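Structure, as structure tokens:
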Amino acid sequence: MSYLKNLNKLKFTGMVKRREEEIKKASDIMIPDNIAYKANRIAAALHPAYQDLIIEKMVMEDELTCSYYLIADKQAGCQKIAYFQAGQYLNVELNIEGHHFNRPYSISSSPRQAKEEGYYRLSISLMKGFIAPDYIWENWKVGTRVRVSAPLGTSTYNRLRDGKKILALIGGNGVTPFVSLAHTIADGDIDAEMLMLYGNKDLKSALFREELQQLVDQCDKLKIVDVLEEEVREGCEHGLIDADLIRKYRCDDDTSLFVCGPQAMYDYLNEQLVKMDIPRKYWRLEIYGQYNEPSRLADYPQEKKDEVYRLKVTQGEITYEMACPAGTSLMNAIEQSGIRIPVHCRCGYCGFCHSRLVSGEVFMPEFLDHRRQADKIYGYIHPCICFPLSDVEIEIPLYKN
Ligand code: FES
């Protein structure tokens with residue numbers, strides 16, 4: 001702030017004129033395409049369009065979760081994996097029976113491991129009936145080549161925005177970004193304290209519990225409290241992570257809430273956090289994956305939930321038509337029809353799937369609607385969080401890779 005106060009305000013007033021003079025002085029010769037400036041090289045290294053990786057190692061974390069260690073696939077032209085911040089995810093490309101899918105998975109290893117040891121760890125739980133994890137479990141082996149996005153997502157700690165303390169509200173497998181964050185705090189790469197409220201059915205089903213305990217034992221900035229739904233145990237909380245528990249453990253106003261867990265937990269916390277009057281800037285909700293059950297929300301028109309609608313999709317010069325059940329997102333219907341669409345987060349945050357609603361009515365969960373005001377006015381939507389309430393027609397962006 002003191003730096004800003006010392007700025008010469010008069011100097012700013014001449015900025016436009018000075019810029020125009022500099023532009024006039026510049027050469028007319030076009031910059032050749034093959035020159036890579038340092039800033040461009042750094043940007044490309046930090047935000048590559050995609051990364052070709054190879055599975056170096058697999059570790060079973062429990063009988064339903066496997067960690068995949070992914071390193072740069074040099075043969076495919078990827079020299080180094082991109083740096084990331086704890087809490088970010090990779091969007092994994094999958095080609096299942098000729099259909100292209102993308103699924104975001106949080107990175108459970110630390111930024112330091114990426115930088116010094118050259119790997120990302122993705123920990124993926126088998127979920128019967130879900131296409132992507134089923135496919136990964138059956139097909140990914142040591143040596144499998146995988147294409148992923150650059151690290152993405154904003155559920156990261158930033159002292160300019162976040163409190164000095166973090167209260168992590170963790171539901172089951174939502175623990176993966178917190179393992180990364182705990183490592184980062186223990187490594188001294190983030191200066192914050194973190195108390196993890198870790199919700200599970202019972203202690204034995206808590207994923208990465210030993211790894212977290214080791215970090216807690218070596219770093220006094222980390223604490224963990226188990227919240228067990230079906231087990232009563234000394235030193236643990238019993239029940240669900242609810243408003244009372246948040247009040248009990250959020251002792252300092254300068255505390256950010258970082259949340260990752262199942263969608264029912266988000267539905268509940270979204271209601272509770274509003275009532276608790278905790279400023280919005282102090283919530284960091286990491287919702288990864290597609291929102292799947294709109295009919296669970298109070299404002300969903302229940303009489304529509306079993307309908308099947310027509311979805312008309314125009315991409316460039318081509319128009320497609322397909323069926324879209326009311327409980328299926330437009331994005332899922334599009335992908336299941338074999339159409340490729342730009343996608344990263346699948347939950348309304350990144351804006352990559354930004355599309356124009358030409359006609360029809362859609363439902364979108366309010367807490368996932370992160371569109372700009374202009375998008376709302378001019379009829380743009382994010383198909384990843386939209387569910388049809390009538391026949392719908394949309395224009396989607398072209399897919400480039
Ligand atoms: S994929 Fe991110 S907003 Fe739709």
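The values are calculated or read from the model by the stated rules, or taken from the named source; none is laboratory data. Predicted model only: the values in this text are computed from it and were never measured. Cβ sites come from the backbone with ideal geometry, for glycine too, and all protein chains shown count toward neighbours. Remember, those area values only see protein heavy atoms, side chains included, never the ligands or the DNA or RNA. Shrake-Rupley method; radii C 1.70, N 1.55, O 1.52, S 1.80 Å.
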- Message: Show the residue pairs meeting these rules: Cβ distance below 7 Å; 6+ apart or different chains; first residue within the stretch 190-204 and under 13 Å from V216 (Cα atoms) and charged (D, E, K, R); second residue open to solvent by less than 20 Å² (accessible area, probe 1.4 Å) and part of a loop (DSSP other than H, G, I, E, B).
- Response: none
- Task: Residue by residue through the stretch 273-311, note down the ones that are surrounded by fewer than 16 Cβ atoms within 10 Å (Cβ to Cβ) and not in a loop (DSSP other than H, G, I, E, B).
- Result: V274, K275, R280, K281, S295, R296, Q302, E303, V308, R310
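This table checks each residue for (1) within 14 Å of the ligand (Cβ to nearest atom); (2) within 29 Å of E271 (Cβ to Cβ); (3) without any contact (Cβ under 8 Å) to a residue 12 or more places away in the chain; (4) open to solvent by 10 Å² or more (accessible area, probe 1.4 Å).
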| site | (1), (2), (3), (4) |
| --- | --- |
| C347 | yes, yes, no, no |
| H354 | yes, yes, no, yes |
| E366 | no, yes, no, yes |
| A374 | no, yes, yes, yes |
| D391 | no, no, no, yes |
- Task: Of all residues in the stretch 376-389, count the ones that are out of contact with any helix residue (DSSP H, G or I) (no Cβ under 6 Å at 6 or more places or on another chain), open to solvent by less than 50 Å² (accessible area, probe 1.4 Å) and of a type in the set (A, V, I, L, M, F, W, C).
- Result: 1
- Note on the structure: Taking the stretch 328-345 and keeping residues within 11 Å of the ligand (Cβ to nearest atom) and part of a loop (DSSP other than H, G, I, E, B) leaves S329, I341, P342, V343, H344, C345
- Task: Scan the stretch 186-219 residue by residue and report those that are surrounded by 18 or more Cβ atoms within 10 Å (Cβ to Cβ) and within 16 Å of Q113 (Cβ to Cβ).
- Result: A186, I190, F208, L212, L215
- Item | the stretch 35-85, residues that are among the charged types (D, E, K, R) and closer than 30 Å to S205 by Cα | E56, K57, E61, D62, E63
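Count, please, the residues in the stretch 122-140 that happen to be crowded, with 19+ Cβ neighbours inside 10 Å and under 18 Å from E286 (Cα atoms).
Total meeting the criteria: 3.
Taking the stretch 380-389, which residues are assigned to a loop (DSSP other than H, G, I, E, B) and within 16 Å of the ligand (Cβ to nearest atom)?
H382, C386
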